[in-house]
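Data block below; observations after.
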Amino acid sequence: MEVAEKLSVLQGMSSVEKAHLRELTTLFLHEKRFGGVQGLQLTDAMCLIIATQACLPALSLGMGCLSGWIDIIVYPGAFRISRDEMDMAGVVHHQERALVGESWSRGPLILSWEDVERDSLGEQPDRNVVIHEIAHKLDMLNGPADGFPPLHYHMSIKEWSSALSAAYESLVQRVEHHHRICINPYAATSPAEFFAVISEYFFCAHEVLHVHFAAVYRQLELYYRQNPLLRSHPDSN
Ligand SMILES: [Zn+2]
């Protein structure tokens, strides 16, 4: 487990949290099937790094939220996809893109190892492709990814919607007007990408999210049932 202990995203976690994360990770490694493609040889350490980060968002949600799929496909680097997609008007467009991660509702989680490795070292502290794709998986537990995962019974749908919509709309406006923005502009692509990107910030760059989008941070704190801010300020615990 030593490799996983060094992950930047785990810094500041209590020993109780780390022990619980280790349990989830062990289960995850049992339940999922890892496969390297394009010649990538996956080692136990690589699978552990992926599994640990995949389980972090589920720490207080339980393994149930990560069930319904088993395959994790890992490419050596960014991978190209080529497919036809239909737009809102029913017109089919041919798409060719390079991706670093992708997740399907009941299908595989697909990752670029080059990016997973870079994130694990904390080279870009606000990026984490594994957490990003797991956020999409959680979002798809109640239908197509739309930035609206199944909320807990005590959470207010109204408060979630107003906090996230207001932040998303203001981000889209700022991007459209070429104003400076404080988070990855990819978040302005769609409500689904917004949720995935703010989830990355919640776990990896929580102070940025808390300072700029406090109401969003609060909703994610209620949803993930974790408060990563306490990990950077353990005294306020
Ligand atoms: Zn995404």
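The values are calculated or read from the model by the stated rules, or taken from the named source; none is laboratory data. Every value quoted in this text rests on a predicted model; they were computed, and no experiment measured them. Backbone-built Cβ (ideal geometry, glycine too); neighbour counts: all protein chains shown. Calculation scope for accessible area: heavy atoms of the full protein, side chains included, ligands and nucleic acids excluded. Shrake-Rupley method; radii C 1.70, N 1.55, O 1.52, S 1.80 Å.
Brief remarks follow.
- Taking amide H atoms as placed 1.01 Å from N in the peptide plane, the amide H of Ser105 has no partner under 5 Å among residues 5 or more positions away or on other chains.
- Taking packing as the residue-averaged number of other Cβ atoms within 10 angstrom, the listed peptides 8-18, 92-102 run from highest to lowest as 8-18, 92-102.
- The label-point distance for Lys158 and Met86, in a model that sets each label 7 Å from Cα toward Cβ, rounds to 3.7 nm.
- Rg(Cα)/(2.2 N^0.38 Å) for segment 127-237, N = residue count: 1.02
- Each residue was assigned an accessible area with a 1.4 Å probe, and for His210 the value is about 80 Å².
- Cα shape, segment 90-153, gyration tensor, a/c 1.5 rule: oblate
- 222 nm mean residue ellipticity, helices alone, for the chain (DSSP H n ≥ 4; -39,500 (n - 2.57); rounded to 500): -13500 deg cm²/dmol
- For segment 1-120, carbon and sulfur atoms together expose 54% of the accessible surface, with a 1.4 angstrom probe and every protein chain in place.
- Taken as Cα centroids, segment 201-232 and segment 1-79 sit 21 Å apart, rounded to the nearest whole angstrom.
- Qualifying lysines (Cα of each under 20 Å from Cα of Lys137; at least 8 residues distant if same chain): Lys32
- Amide N of segment 95-123 lying under 15 Å from the label point, which is placed 7 angstrom from the Cα of Glu31 along Cα→Cβ: 106-109
- Residues Tyr217, Tyr186, Tyr168, sorted by accessible area with the largest first, give Tyr186, Tyr168, Tyr217 [1.4 Å probe; ligands and nucleic acids excluded].
- Of all lysines in the structure, those lying under 17 Å Cα to Cα from Lys6, and not within fewer than 8 positions of it along the same chain, are Lys18.
- Across the chain, the fraction of Cα-Cα pairs farther apart than 34 Å, rounded to a whole number, is 12%.
- Added length on full extension, which subtracts the Cα-Cα distance from 0.36 nm per residue, Ala45 to Leu141: 31.7 nm
- Segment Ser60-Ala78, length gained on full extension (0.36 nm per residue, minus Cα span): 3.4 nm
- Kirkwood Rh and Cα Rg combined as Rg over Rh, evaluated for segment 187-237: 0.98
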